[in-house]
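Beneath this line is the structure, given in structure tokens, with notes to follow.
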Amino acid sequence: MAILRTVEELEALYGHPKGGAVFKEITFLNLHYRALDERTVALPDRPGNNRIDNLRNIVVDPRVSLLFIVPGIGETLRINGRAEISVEPELLASFAVDGKLPRSVIVVRVEAAYVHCSKALMRSKLWDASRHLMRSQLPSTGEMLAALSPEAIDAAAYDREAPQKLQATLY
């Protein structure tokens, strides 16, 4: 099997980007991209399963890449940067929902930001409702968890309780 292993080999196969693919990458969030300041994105960490996989990754290697997708819109926004995990009380308070604070906030310092054209989402037909699966066509979360740990999870009970549990622990 022929495997590409270097940047030079990739560039020999694909060539170099041109036009908009080059100038669309900027080192800040312009007026179209931002709601805060031009160099920072803050993401509250809401309650979850406490695996903290992404937070562990950030502590070890702060380089992150974010992809913002808006339902029904083909273009996406990519932000690359370096992340920190903040527990600053004022920042936590700014993300309160119904009086509940996030446990931490991921603060990303923007190094590159750019819009992606809609080709990939168009090819995937992601927003085409006629191609969406019915939930019943795939195993339920309870079924998947029970298959991994049959003694620990009752699939039917998990699936029955999940909607109420999700609503109660959303924030």
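Things to note:
- Contact map, the stretch 47-59: residues that are part of a loop (DSSP other than H, G, I, E, B) paired with residues that are surrounded by 10 or more Cβ atoms within 10 Å (Cβ to Cβ), Cβ distance under 6 Å, separation 6+ or inter-chain. Pairs shown: 47/169.
- The residue of the stretch 102-146 that is nearest to residue 83 (Cα to Cα), among those that are open to solvent by 80 Å² or more (accessible area, probe 1.4 Å) and touching a strand residue (DSSP E or B) at 6+ places or on another chain (Cβ under 8 Å), is 109.
- For residue 35: the one exception among (1) in contact (Cβ under 8 Å) with a residue 24 or more places away in the chain; (2) outside any helix (DSSP H, G or I); (3) open to solvent by 90 Å² or more (accessible area, probe 1.4 Å): (1)
- Residue check, residue 84 open to solvent by 60 Å² or more (accessible area, probe 1.4 Å), among the acidic types (Asp, Glu) and closer than 30 Å to residue 20 by Cβ: no
- Output for the stretch 147-164, where each listed residue is under 30 Å from residue 105 (Cβ atoms) and exposed (fewer than 11 other Cβ atoms within 10 Å of the Cβ): 163, 164
The values are calculated or read from the model by the stated rules, or taken from the named source; none is laboratory data. As the structure is a computational prediction, the values presented were derived from the model and not from experiment. Don't worry about glycine lacking a Cβ; one is built from the backbone with ideal geometry, like all the others, and counts go over all protein chains shown. Just so you know, the surface numbers come from the protein's heavy atoms only, side chains and all, with ligands and any DNA or RNA stripped out. Shrake-Rupley method; radii C 1.70, N 1.55, O 1.52, S 1.80 Å.
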